[in-house]
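Worksheet: one structure, shown below.
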Amino acid sequence: IITLSDLECDYINARSCCSKLNKWVVPEVIGHAVVTVLMLISLHWFIFLLNLPVATWNIYRYIMVPSGNMGVFDPTEIHNRGQLKSHMKEAMIKLGFHLLCFFMYLYRLVYKIAPK
């Protein structure tokens with residue numbers, strides 16, 4: 001979010017912004033896919049079903065990068081067609097999702113450890 005807002009305010013150029021953001025796309029896809037599969041294996045159905053759409057969206061977004069682009073974030077297209085605003089909106093939604101998941105996981109951890 002900070003990198004995208006720096007680009008929006010013109011503090012950094014599009015190429016360095018996209019380079020920084022594309023560096024984290026593959027680890028995000030792998031990490032989210034691993035967490036989703038682990039929730040399926042451990043039979044946490046609610047958390048699995050909550051993570052599945054986000055993991056699917058991440059994989060879809062990574063697979064659908066047009067050939068010739070630098071990555072999911074492309075410096076030649078980020079200012080076109082409102083992509084910067086849509087990337088900012090997606091980043092805010094993911095931040096909310098990850099905060100929700102963090103507190104759900106923390107609650108489950110405390111609930112599991114607490115004496116009965």
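The values are calculated or read from the model by the stated rules, or taken from the named source; none is laboratory data. It should be emphasised that the depicted structure is a prediction, and the values quoted were computed from it without experimental measurement. Reconstructed Cβ throughout: ideal geometry from the backbone, glycine too, with neighbour counts over all protein chains shown. All accessible areas refer to the heavy atoms of the entire protein, side chains included, with ligands and DNA or RNA removed. Shrake-Rupley method; radii C 1.70, N 1.55, O 1.52, S 1.80 Å.
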From the options Gly71, Gly82, residue that is at positive phi, of a type outside the set (D, E, K, R), open to solvent by less than 100 Å² (accessible area, probe 1.4 Å) and in contact (Cβ under 8 Å) with a residue 12 or more places away in the chain: Gly71
Subset of segment 2-39, residues of a type outside the set (D, E, K, R) and open to solvent by 70 Å² or more (accessible area, probe 1.4 Å), comes to Ile2, Cys9, Tyr11, Asn13, Trp24, Ile30, Val34, Val37, Leu38
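Table: residues versus (1) under 30 Å from Tyr105 (Cα atoms); (2) modelled with pLDDT of 90 or more.
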| site | (1), (2) |
| --- | --- |
| Leu4 | yes, no |
| Glu8 | no, no |
| Ser19 | no, yes |
| Lys23 | yes, yes |
| Ile30 | yes, yes |
| Arg61 | yes, yes |
| Gln83 | no, no |
| Ala91 | yes, yes |
Note on segment 48-68: residues of a type outside the set (A, V, I, L, M, F, W, C) and either open to solvent by 40 Å² or more (accessible area, probe 1.4 Å) or in contact with a helix residue (DSSP H, G or I) (Cβ under 6 Å, 6 or more places away or on another chain) (or both) are Asn51, Pro53, Thr56, Asn58, Tyr60, Tyr62, Pro66, Ser67, Gly68
Need pairs with beta-carbon distance below 6 Å; first residue in contact (Cβ under 8 Å) with a residue 40 or more places away in the chain and among the hydroxyl-bearing types (Ser, Thr, Tyr) and within segment 92-103, second part of a helix (DSSP H, G or I) and open to solvent by less than 100 Å² (accessible area, probe 1.4 Å); sequence gap 6+ or separate chains. none
What single numbered condition from (1) on the phi > 0 side of the Ramachandran plot; (2) assigned to a helix (DSSP H, G or I) fails to hold for Val54? (1)
Go through the residues of segment 1-23 one by one and say whether even a single one is out of contact with any Phe, Trp or Tyr (no Cβ under 9 Å at 6 or more places or on another chain), outside any helix (DSSP H, G or I), within 18 Å of Met92 (Cα to Cα) and β-branched (Val, Ile, Thr). yes
With respect to Leu95, determine if the residue is surrounded by fewer than 11 Cβ atoms within 10 Å (Cβ to Cβ), closer than 17 Å to Ile2 by Cα and under 14 Å from the mean Cα position of the chain (by Cα). no
Of (1) modelled with pLDDT of 90 or more; (2) out of contact with any Gly (no Cβ under 8 Å at 6 or more places or on another chain), Pro75 fails just (1)
